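Participant: Next up is a structure, given as structure tokens.
The values are calculated or read from the model by the stated rules, or taken from the named source; none is laboratory data. Given the structure is predicted, the values throughout are model-derived calculations rather than measurements. Quick reminder, even Gly has a Cβ in these numbers, built from the backbone with ideal geometry, and neighbours come from all protein chains shown. These area figures cover heavy atoms from the full protein model, side chains too; ligands, DNA and RNA do not enter into them. Shrake-Rupley method; radii C 1.70, N 1.55, O 1.52, S 1.80 Å.
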Amino acid sequence: MPASPPPSRPRIPGSGLAKGLAVTLRTMTRKTVTAQYPDVQPELPPRSRGVIALFEENCTVCMLCARECPDWCIYIDSHKETVPATTPGGRERSRNVLDRFAIDFSLCMYCGICIEVCPFDALFWSPEFEYAETDILELTHERDKLREWMWTVPEPPALDPGAEEPKEIAAARKTAEKLEAQRAQEAQQNQKEAEGEE
Amino acid sequence: MNDVLDVALRLVIVFAVFMVLPLVVGQTEHKVMAHMQGRLGPMYAGGFHGWAQLVADGVKFAQKEDVVPAGADRRIFQLAPAVALLPYLLVLVAVPIGPGEGAVGQVVDAGIFFVLAVMGVGVLGSLMAGWASANKFSLLGGLRTAAQLLAYELPMLLAAASVAMAAGTVSLPGILDAFEWWWLPWQIVGALVFFVAGLAELQRPPFDMPVADSEIIFGAYTEYTGLRFALFLLAEYAGIVVLCGLTTVLFLGGWHGPFGADGLGWVWTLLKTAVLAFVVIWLRVTYPRLREDQLQKLAWTTLIPLALAQIALTGIVKVAIS
């Protein structure tokens, strides 16, 4: 049941009309909300989904992005190369080399799944959005262009105070600490040996 | 020879005012309306805050094809914009802008009669356009215009008659000469009635039922393109200037001001007219369109009784002070 109307006060005739006039006049004195876009660039939030940039140095051609893409707009070509053994008598390794990486932005729906699934941090969101074309075919952007957009990717936003340490930093720190401990132990041993000789 | 020069000069000045002021009002409307809606309005044309937007619009209209529909009554159709626009030019000739004979295009003894009669002719332009277009929406718009003219001409005349009674003359400069500051509260009801009825006669929102674009496209102007359409638009803005000028002269004391009435009378007239024009724009932005029956109701049950009451009040006060 709708709430009963509040007790009506004696209304001054025309007060509604005056209220309307006041609203428009007040709005006129306030700052407008118009964005003067081509003249003034918009201030985009840090996680804006403008375009997908490729950091191709990190790409291992695992094809996860292309397979997870809901509308199949990522095209990847690659070939295998053998890398000679690094140590004498070692085994030769094979390595994937990226030949083509293209995203068709006329199909892309900016869901960001490719970026989520990339296990090697090769795909990033960039806030760059001014890449309109007059021909739909030109919206398929190749790796050079995608790599160029990498320069427009902003730094990741700072962590909250008291947040958990990022995993990669934790791993790096652990390794560094282990190395340090090992070195200290060796140094101690050396010292002991030296003392024993005396 | 000197007389000819004098007349020519006056006509040129009146014509210049007629061409410039409506554009100024139009530009002001662009900007004021935009800011009242939280927008910026035109920003590009002319470079500085889009000051030349209406010039650009004019150029655009001039480039467009002038189409006359096949079924239209050709001559009437083509004549209508002129009939809508020219009366306002004629009215402007008789509006005094400052004290003395030098500040009015032509002193007309029966000023109020002339002005109101000629303003009524302006509405005829819309009527002709609506009839001659051979289009049902245009016809509807034209008929609504006619209904509106009938309803609102009466309160307008009555309100003006009240001022004429107060001044004891129907000449516009004569009314201004007789003006005293206390006429302002005395004639305030008449002023409101006159202004509202004038708005309705100009078909300005919230009284724009005849051109209600969401239901009958653009009323009587539906079939018009190019320059003729631009003339109709210009007529609307010229109408605003004329209505505000007339309200200023009849009810707000024209060139009378708290100070400087001798040399700066015309500044007072222009200032008051500008403020009224702003109010016209303000009302347009604020209020939604009145329905056709609401329009008629407002005229017949509110404005006309108010105007009659004003006349009675004017008569009583006039008798009391004489």
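Participant: Give me the 1.4 Å probe accessible area per residue for chain A, excluding ligands and nucleic acids, in Å².
Facilitator: Accessible area per residue: 79 Å².
Participant: Expressed as a rounded percentage, what relative contact order does chain B have, with Cα pairs under 8 Å and six or more residues apart?
Facilitator: Computed over chain B, the figure is 24 percent.
Participant: Something else now. Whole-Hz ³J(HN,Hα) for each residue in region A:99-116, computed from phi via Karplus 6.51 cos²θ - 1.76 cosθ + 1.60 with θ = phi - 60°, x for glycine and proline: what do you get?
Facilitator: Result, ordered by residue: 9, 9, 9, 9, 10, 8, 6, 7, 9, 3, 10, 6, 7, x, 5, 4, 5, 5 Hz.
Participant: For helix B:188-202, report the angle its Cα long axis makes with the longest principal axis of the Cα atoms of chain B; keep it between 0 and 90° and round to the nearest 10°.
Facilitator: On a 0 to 90 degree scale, this one is about 20.
Participant: Rounded to the nearest 500, what is chain A's calculated 222 nm mean residue ellipticity when only DSSP H runs of at least 4 contribute -39500 (n - 2.57) each, over all residues?
Facilitator: About -10000 deg cm²/dmol.
Participant: Using the alpha-carbon atoms, what tilt in degrees (0 to 90, nearest 10) does helix B:74-94 show relative to the longest principal axis of chain B?
Facilitator: Compared with the principal axis, the helix lies near 20 degrees.
Participant: With axes computed from alpha carbons, what is the tilt in degrees of helix B:2-36 against the longest principal axis of chain B, rounded to the nearest 10 within 0 to 90?
Facilitator: 70
Participant: Using Cα centres only, tell me the gap between region B:210-251 and region B:13-59 in whole Å.
Facilitator: About 16 Å separates the Cα centre of region B:210-251 from the one of region B:13-59.
Participant: Looking only at GluC sites (Glu not before Pro) in DSSP loops with at most 15 other Cβ atoms within 10 Å, what is the longest site-free stretch of chain B?
Facilitator: Here the longest segment lacking exposed loop sites spans B:181-322.
Participant: Could you look at chain B and say what percent of its accessible area is carbon and sulfur, using a 1.4 Å probe and all protein chains?
Facilitator: In chain B, the share of accessible area belonging to carbon and sulfur is 72 percent.
Participant: Follow-up. Express in whole angstrom the spacing between the alpha-carbon centres of region A:126-158 and region A:52-86.
Facilitator: 18
Participant: Hey, another quick one. Counting each DSSP H run of 4 or more residues in chain B as -39500 (n - 2.57), what helix-only mean residue ellipticity at 222 nm follows after dividing by all residues, to the nearest 500 deg cm²/dmol?
Facilitator: Rounded to the nearest 500, the figure is -23500 deg cm²/dmol.
Participant: Taking the solvent-accessible surface of protein heavy atoms with a 1.4 Å probe, what is the per residue accessible area of region B:2-321 in Å²?
Facilitator: In whole numbers, region B:2-321 has 45 Å² accessible per residue.
Participant: Taking a label point 7 Å from the Cα of B:ALA134 along the Cα→Cβ vector, which residues of region B:205-247 have an amide N closer than 15 Å to it?
Facilitator: So the set is B:223-224.
Participant: Further question on the same structure: With solvent modelled as a 1.4 Å probe, how much accessible area in total do chains A and B shield from it at their shared surface, in Å² to the nearest 100?
Facilitator: Interface between A and B: roughly 1200 Å².
Participant: Relative contact order for region A:51-152: what is it in percent, counting Cα pairs under 8 Å that are at least 6 residues apart?
Facilitator: After rounding, I find 40 percent.
Participant: For A:VAL51, enumerate residues with amide H under 5 Å from its amide H, sequence gap 5+ or separate chain, H modeled in the peptide plane.
Facilitator: HN-HN under 5 Å from A:VAL51: A:SER126, A:GLU128.
Participant: Hey, another quick one. Put simply, what bits of region A:28-61 lose 40 Å² or more of accessible area when the other protein chains are there, versus the chain on its own (1.4 Å probe)?
Facilitator: Listed by number, the residues meeting the 40 Å² cut-off are A:MET28, A:THR32, A:THR34, A:GLN36.
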